[in-house]
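Visitor: The structure's right below; bear with me while I get my questions together.
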Amino acid sequence: MEKTALRPSAPRSPLKIIGAGSALGAPHPGSAAAPEALRQGGLAERLASIGLSVEWNTTLEAPASASAAAGMAARLQANGDFARRLADQVAALPADATALVVGGDHAVATGTWRGIARRAGHAPGLIWVDAHLDSHTAATTHSGNIHGMPLAALLGEGDPALAGIPGPRLEPARVCIVGARAWEVEELQLLQRLGVRIFDIAEIRRRGLAAVFRDALTIARAGGGGFGLSLDLDALEPRAVPAVTCPEAGGLDPRELADALLALRGCDDFLALEIVEYRPDLDADGRSARWALEFAAAALGPDGSDLRERERRHGAANYAPLPVVFQRGEGVWLWDVEGRRYLDMMSAYSAVSFGHGQPRLLRALTEQAQRLALTSRAFSSDRLPVFLERLCATFGYERALPVNTGLEAVETALKAARKWGYKVKGIAEDEAEIIACDGNFHGRSITIVGFSSHHQYRDGFGPFPPGLRRIPYGDADALEAAITPRTAAFLVEPIQGEGGIVVPPAGYLARCAEICRRHGVLLIADEVQTGLGRSGRLLACEHEGLRPDGLILGKALGGGLLPVSAFLADNAVMDVFRPGDHGSTFGGNPLAAAVGTEVLALLAETRPWEAAERLGEALRTQLRAAALPCVHEVRGRGLLVGIELDPGFSAAHAAECLLARGIATRDTNRNVLRLAPPLVIDEAVLREGANVVIDTLAGLPG
């Protein structure tokens, strides 16, 4: 017995896998090799990686003497004998285990579900996902293939070799078929006589798979006692999942099915999953096997409440995430582990500006990962020089220093400013000062929280480095008054994101730049959240024609795939660094450089700031026109929008209400809701999302 127990047990763990290596009922022997192929392909390891305790219990092999050329009676008996062996194995599984049976052709289902029924002591409900009805008997079959008979046998119809396998018969009222599109009239008549519900492909096209699957769950779970799902891979569209025994054109979309199967995670009465009719001999590129693994993971993985509890138990309490667990993103959408879809109106604080899973960025990532991911800066790579060159050309600076996170980029800027103050401006050693603003958020390192006006960010982390000063944001006169001969730099966000989406008064940045020039002070702009088109310009500084002495970039520079950040400046500032002054093992690694280079190419080609300017203005107009009584102010630039609520309302509670309505965002400082979707959002989706926001806020309790 082979075991893989790589993760702590989930609520439906332990998961027991049984291979049913039989193709006795099919016209081709290829599916008999499916269990071993999926075992070798990492099925157990994949399930363990998502948090299940997995044991590959056994693999049953069909006897070599059972020939498909034998007569019907002999073949029925051979299939029946194999199904009995399988039923015995399934029935003997521990009561607390969830079963995963991997076939084999669909004839093995007679053993799977009789065994589940015996273990439970009664017939389970069953969702049968298949292109066919599989409800022939020996008397009605057109093909003579026994894998077209198992559902009829489970309902007690047909030859006793199959229908008489020990165990309770399925109850027709708790059985349904999803995805059928090819059958003979005899099968249909039998199922209609018995009262089995058939959701054919035409109904799925009309209503959508998600809605149909909800109805299927209602049928299978009716009356209690547990249910299971049998998945014949020929239910899928054969262009996407080709390695099946009997492909039928016009099938289910595999991604839609995987999303639908996520609903099973929240079903504590889900007893077993069966996956059949995979043909490894037809799967040259492994595509069909990958989908088989995806379906198993979707159906059997831990649910959101379990995962959140594990995070609470084993993780430090430095975050308080909203009550959702996301598992997939595509474009502007996110899906949680129960299959619910959400509009991403936060885009990971602008890191996902190009949307989730942008194909060009994924290709750049995977191709480079397969070639070379990391060398450290002890050596040069062929990707970094190109990235640095294009970074400087895009933003108009002479030098760039690549790092990983935005925090590291801010620290780099602070080190550059201090050393510039000493080596160039002539400030006395260890006396340099750097000025920042109230309400800032530049990161959470010890140094950076020394600038913070947020009590929690500072509480318990002092003493802080000297030379850090703070002035009111938006007040250029305060900057003028604060500068001394020891001042090396002024660090400022062109729009304060975490500070509450605060836009400074018109002319503020331009006047600050003039003050800094006059006093010989570096102006450093932190555009980690606002850069790369977010504000309706390539850089938010461009709204006032400002070219800062130092520029900090991050978030969107990594395309939502990995951390890529940088500090940019001209030689007059950057030349203070010498080898050994500053560095990072991962900073400027080939993988990050490849993705960053592709991000810059996308920026140049698509100019997303133009759409952000237009859509952001429309969004703010729509929100203001609603004249919601709970809203104090709507503000922002581009697709960085803040809704400040009146003090009698809670933005944190509003964020939870929006989550329940399928809008994923978060509150921020000063009782503000942040709306910052990926820049690739289209006008119709944004308008509909805004309607949901307006409707939700209109009903918000004070």
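The values are calculated or read from the model by the stated rules, or taken from the named source; none is laboratory data. Remember, predicted model here, so these are calculated numbers, not experimental data. Neighbour counts are summed over all protein chains in view; Cβ atoms, including those assigned to glycine, are modelled from backbone coordinates with ideal geometry. Surface accessibility is based on the protein's heavy atoms, side chains included, excluding ligands, DNA and RNA. Shrake-Rupley method; radii C 1.70, N 1.55, O 1.52, S 1.80 Å.
Visitor: Cα axis of helix 608-625 to longest principal axis of the chain: angle in degrees, 0 to 90, nearest 10?
Guide: The answer is roughly 90 degrees.
Visitor: Percent relative contact order of segment 154-245, based on C-alpha pairs within less than 8 angstrom and at least six residues apart?
Guide: Averaging sequence separation for qualifying contacts and normalising by length gives 24 percent for segment 154-245.
Visitor: So what is the calculated 222 nm ellipticity per residue for the chain, using -39500 (n - 2.57) for each DSSP H run with n of 4 or more, over all residues, to the nearest 500 deg cm²/dmol?
Guide: Helix contribution divided over all residues of the chain: -10500 deg cm²/dmol.
Visitor: Expressed as a rounded percentage, what relative contact order does the chain have, with Cα pairs under 8 Å and six or more residues apart?
Guide: In percent, rounded to a whole number, it is 11.
Visitor: Return one number: the angle in degrees, 0 to 90 and rounded to the nearest 10, between the long axis of the Cα atoms of helix 304-314 and the longest principal axis of the Cα atoms of the chain.
Guide: Helix 304-314 sits roughly 50 degrees off the main axis of the chain.
Visitor: At a 1.4 Å probe, what is the % contribution of carbon and sulfur to the accessible area of segment 19-143?
Guide: 53 percent
Visitor: May I pose another question? If I compute Rg/Rh (Cα atoms, Kirkwood Rh) from the structure I just sent, which labelled value in (i) 1.03; (ii) 1.08; (iii) 0.98 lines up?
Guide: The value matching this structure is (ii).
Visitor: Please calculate how many Å² of accessible area segment 296-378 carries per residue, with a 1.4 Å probe and no DNA, RNA or ligand atoms counted.
Guide: 51 Å²
Visitor: Within the accessible area of segment 371-517, what % is carbon and sulfur when the probe is 1.4 Å and the other protein chains stay in place?
Guide: Looking at segment 371-517 in its full context, I get 52 percent from C and S.
Visitor: Mean separation of Cα pairs under 8 Å and 6+ residues apart, divided by the residue count of segment 390-475: what relative contact order is that in percent?
Guide: 25 percent
Visitor: Additional query: Can you list which of the GluC sites (Glu not before Pro) found in segment 422-496 are DSSP loop residues with at most 15 other C-beta atoms within 10 Å?
Guide: Counting only loop positions with at most 15 other Cβ atoms within 10 Å, the GluC sites (Glu not before Pro) in segment 422-496 are Glu429, Glu431.
Visitor: What's the tally of Lys pairs in the chain whose alpha-carbon atoms lie under 23 angstrom apart, where the two lysines are 8 or more places apart or on different chains?
Guide: 4
Visitor: How much accessible surface area, in Å² rounded to 10, belongs to the heavy atoms of Ser584 with a 1.4 Å probe?
Guide: Roll a 1.4 Å probe over it and Ser584 shows about 30 Å².
Visitor: Based on the mean of other beta carbon atoms within 10 Å per residue, what is the order of 25-35, 99-109, 487-497, most packed first?
Guide: 99-109, 487-497, 25-35
Visitor: So, taking all protein chains as they sit and a 1.4 Å probe, how much accessible area belongs to Ile663, in Å² rounded to tens?
Guide: 10 Å²
Visitor: Any chance you could give the angle, 0 to 90 degrees and rounded to 10, that helix 651-660 forms with the longest Cα principal axis of the chain?
Guide: Around 30 degrees separate the two axes.
Visitor: Measure off, as a whole percent, the carbon and sulfur share of the 1.4 Å-probe accessible area of segment 188-271, all protein chains present.
Guide: Carbon plus sulfur share of accessible area: 50 percent.
Visitor: Another one. Could you let me know the centre-to-centre spacing of segment 500-570 and segment 584-601, using Cα atoms, in angstrom?
Guide: What the calculation gives is 20 Å, centre to centre.
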